[in-house]
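J.: There's a structure below that I have some questions on.
All of the numbers you see were taken from the coordinates with simple rules; none came from a lab. Computed from a predicted structure; not experimentally measured. A quick note on method: Cβ atoms are made from the backbone with ideal geometry, for glycine too, and the neighbour counts reach across all protein chains shown.
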Amino acid sequence: EAGVAQSPRYKIIEKRQSVAFWCNPISGHATLYWYQQILGQGPKLLIQFQNNGVVDDSQLPKDRFSAERLKGVDSTLKIQPAKLEDSAVYLCASSLELSEQYFGPGTRLTVT
Amino acid sequence: GEDVEQSLFLSVREGDSSVINCTYTDSSSTYLYWYKQEPGAGLQLLTYIFSNMDMKQDQRLTVLLNKKDKHLSLRIADTQTGDSAIYFCAEKPPSGNTPLVFGKGTRLSVIA
């Protein structure tokens, strides 16, 4: 079974620029999550989708971050404009059962 | 509120057992997890335990859960250099779609 795919793996941008990340979850997984992992921290949930609907986006900085999952499969996360403090690894995860989440390799974002 | 605490570092000799500890605050959590993160990689689900269990064993891994003290531990028998990584404890609160809450991770260093 193929795992969660993410791209790009690495991205370096200047502050105030825009960036987008892509995630393809495990086939059949209805729930998709985007996490932000700052260096030295555990992952923090940004947004959770159930199919193409948002379940929880309470910790998403909506003035600059947006995410969509239009067809209930792939998802994109966008940051516009980026700030220095957005430097982190952005992890996508998916789950079929509530008990298990599977993570992708992450996108490491560096904002200079 | 929800909070998961872990010690930040652990160093063991190859062949010894490693014990990584975690405390959590939400006594009604349904599942508790251990994830492994190697450098530059996403989180790999190692094992999880349902809250009505007190022990789960899977090959070299043993999870112990003390619900009274809200304490979770992961024991790795015969620790190998390939076990060097960051280990994250996570809890799942009981409400259906609530996200996982992660600790900050314990960095395990295995000395040959």
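J.: Using a Cα-Cα cut-off of under 16 Å, which aspartates and glutamates could be cross-linked to A:LYS83, ignoring same-chain neighbours fewer than 8 residues away?
T.: Output for A:LYS83: A:GLU14, A:ASP63.
J.: When only Cα pairs under 8 Å and 6 or more residues apart are kept, what is the percent relative contact order across the stretch A:20-88? Numbers along the way, then the final one.
T.: Working: 113 pairs, mean separation 22.3, N = 69.
Rounded, it is 32 percent for the stretch A:20-88.
J.: If you don't mind, another one. Would you mind giving the mean number of other chain beta-carbons within 10 Å of the Cβ of each residue in B:33-41, as a whole number? Mind showing how you got there, number by number?
T.: Numbers: counts 3, 0, 4, 0, 7, 0, 0, 6, 5.
Taking all residues of B:33-41 together, the mean is 3.
J.: Which log10 I(q)/I(0) values, to two decimals, does chain A give at q = 0.17, 0.21 Å⁻¹ under the Debye formula with one point per Cα?
T.: Log10 I(q)/I(0), no solvent term: -0.74, -1.13.
J.: Also: Among B:SER28, B:SER18, B:SER84, which one moves the most in a GNM of chain B with springs linking Cα atoms closer than 10 Å?
T.: B:SER28
J.: With unit charges on the beta carbons (Lys and Arg positive, Asp and Glu negative) and the dipole taken about the Cα centre of the protein assembly as shown, which residue among B:THR62, A:GLY72, A:ILE12 sits farthest to the positive side?
T.: Result: A:ILE12, furthest along the dipole toward the positive end.
J.: Ranked by Cβ crowding within 10 angstrom, fewest neighbours first, how are A:THR76, B:THR62, A:THR112 ordered?
T.: Details: A:THR76 14, B:THR62 17, A:THR112 10.
By the 10 Å Cβ count, ascending: A:THR112, A:THR76, B:THR62.
J.: Then there is this: Just to check, using Stokes-Einstein with a Kirkwood Rh over alpha carbon pairs, what's the diffusion coefficient of chain B at 25 °C and 0.890 mPa s in µm²/s?
T.: Working: Rh = 14.1 Å.
The Stokes-Einstein estimate is 174 µm²/s.
J.: Now for a different question. Write out the trypsin sites (Lys or Arg not before Pro) in the stretch A:67-111 meeting two conditions: DSSP loop, and at most 16 other Cβ atoms within 10 Å of their Cβ. Write out the running numbers ahead of the final one.
T.: Working: sites: A:ARG69, A:LYS71, A:LYS78, A:LYS83, A:ARG108; in loops: A:ARG69, A:LYS71, A:LYS83.
Loop-located and lightly packed - A:LYS71, A:LYS83.
J.: Take chain A, connect every pair of alpha-carbon atoms lying under 10 Å apart with a spring to form a Gaussian network, then pick out the residue of A:LEU39, A:LEU91, A:LEU77 with the largest mean-square fluctuation.
T.: Comparing A:LEU39, A:LEU91, A:LEU77 in the GNM, the peak value goes to A:LEU39.
J.: At a Förster radius of 30 Å, what calculated FRET efficiency corresponds to the Cβ-Cβ distance of A:LYS83 and B:SER7, to the nearest 0.05? Each step should come with its number before you reach the end.
T.: On the way: r = 31 Å, r/R0 = 1.04.
With a Förster radius of 30 Å, E is 0.45.
J.: Let me ask another. What is the order of B:VAL12, A:VAL54, fewest Cβ neighbours within 10 Å to most?
T.: Numbers: B:VAL12 17, A:VAL54 13.
In increasing order of surrounding Cβ atoms, one gets A:VAL54, B:VAL12.
J.: Let me know the charge dipole size of the protein assembly as shown about its Cα centre in debye, to the nearest 20, where only the beta-carbon of Lys, Arg (+1) and Asp, Glu (-1) is charged.
T.: Working: 23 positive and 24 negative charges, 110 e Å.
It works out to roughly 520 debye.
J.: Within 10 Å of each Cβ in B:57-63, how many Cβ atoms from other chains are there, averaged over the peptide? Numbers along the way, then the final one.
T.: On the way: counts 0, 0, 0, 0, 0, 0, 0.
Mean partner shielding for this stretch: 0.
J.: What are the ³J(HN,Hα) couplings of the stretch B:98-105, residue after residue, when phi is run through the Karplus curve with 6.51, -1.76, 1.60 and θ = phi - 60°? Round to Hz, x for glycine and proline.
T.: Calculated HN-Hα couplings, in order: 5, x, 5, 10, 9, x, 7, x Hz.
J.: Among B:LYS36, B:LYS92, B:LYS56, which one moves the most in a GNM of chain B with springs linking Cα atoms closer than 10 Å?
T.: Top of the fluctuation ranking is B:LYS56.
J.: Write down, largest first, the equivalent ellipsoid semi-axes of the stretch B:40-88 in whole Å, where each equals the square root of 5 times an eigenvalue of the alpha-carbon gyration tensor.
T.: Numbers: eigenvalues 93, 33, 19 Å².
Output for the stretch B:40-88: semi-axes of 22, 13, 10 Å.
J.: In addition: So if I place +1 on the C-beta of Lys and Arg and -1 on the C-beta of Asp and Glu, and nothing else carries charge, what would the dipole magnitude of the stretch A:42-105 be about its Cα centre? I want it in debye, nearest 20. Mind showing how you got there, number by number?
T.: Working: 7 positive and 9 negative charges, 44 e Å.
About 200 debye.
J.: Would you kindly compute the Cα radius of gyration of the stretch A:1-52 and its largest Cα-Cα separation (Dmax), both in Å?
T.: 13.1, 39
J.: Based on the alpha-carbon gyration tensor of the protein assembly as shown, what equivalent-ellipsoid semi-axes (square roots of 5 times the eigenvalues) come out, in whole Å, largest first? Mind dumping the intermediate values first?
T.: Numbers: eigenvalues 176, 83, 49 Å².
Semi-axis lengths for the protein assembly as shown are 30, 20, 16 Å.
J.: At a Förster distance of 25 Å, what's the computed FRET efficiency of B:SER28 paired with A:LEU96, Cβ-Cβ distance as r, to 0.05?
T.: Values: r = 23 Å, r/R0 = 0.93.
The formula returns an efficiency of 0.60 here.
J.: If I take every Cα pair under 8 Å that is 6 or more residues apart in chain B, average their sequence separation and divide by the length, what percent do I get for the relative contact order?
T.: Over chain B, the number comes to 38 percent.
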